[in-house]
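Have a look at the structure below before the remarks.
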Amino acid sequence: MPEENILYVCNGCCCGHPEKGNHLVLNDRYAALLKAEGLDKHIAIEKPYCLGPCRLANVVKALVHGRMYWFRQVNTEDDVREMIAFLKNPKEIPQLLQKKQVFF
């Protein structure tokens, strides 16, 4: 059975809500960049209502090769690009994302 790789991009009660002081979630960019990198056939994208730690919005988690990674404040185009770079090469977390990684 092939390993499942999933990118979870929070779209909930706080993430993506500028009226609550948070950035918009760049859902279209995630999908476009996954496709452009040829990752859309290997990595599913899910948009759950809430991933939890709302004070860290926008929250993203990635299940890659059986390992879970959590990231906070993934708000900008650069953040999304770095997330896709990480998914392309999960052995190396880009420096920008290292600062945003969360451990539970």
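Charge dipole of the chain (Cα centre as origin; +1 on each Lys and Arg Cβ, -1 on each Asp and Glu Cβ, all else neutral): 240 debye, rounded to the nearest 20.
Taking all Cα pairs closer than 8 Å and separated by 6 or more residues, the relative contact order of segment 3-93 comes to 36 percent.
Lys20 label point, 7 Å along Cα→Cβ, cut-off 14 Å on backbone N: hits in segment 33-50? Under 14 Å, as judged by backbone N against the label point of Lys20, lie 48-50 of segment 33-50. For Rg and Dmax of the Cα atoms in Å, the candidate list reads (i) 12.7, 43; (ii) 12.6, 37; (iii) 13.3, 45; the entry that matches the value derived from this model is (i).
Counting only protein heavy atoms and a 1.4 Å probe, segment 1-78 has 58 square angstrom of accessible area per residue.
Here the chain is scanned for GluC sites (Glu not before Pro) in DSSP loops (not H, G, I, E, B) that have at most 16 other Cβ atoms within 10 Å, and the longest stretch holding none of them is 38-91. Isolated cysteines of the chain, defined as having no other cysteine beta carbon under 4.7 Å away, are Cys13, Cys50. Counting lysine pairs in segment 10-95 that sit 8 or more residues apart in sequence, or on different chains, and whose Cα atoms lie under 16 Å apart gives 5.
Overall, the accessible surface of the chain at a probe of 1.4 angstrom is composed of carbon and sulfur to the extent of 51 percent.
The values are calculated or read from the model by the stated rules, or taken from the named source; none is laboratory data. Fair warning: this is a prediction, and the values are worked out from it, not measured in the lab. Cβ atoms come from the backbone with ideal geometry, glycine included; neighbour counts cover every protein chain shown. Each accessible area value is taken on the protein alone, full model and side chains, heavy atoms only, with ligands, DNA and RNA left out. Shrake-Rupley method; radii C 1.70, N 1.55, O 1.52, S 1.80 Å.
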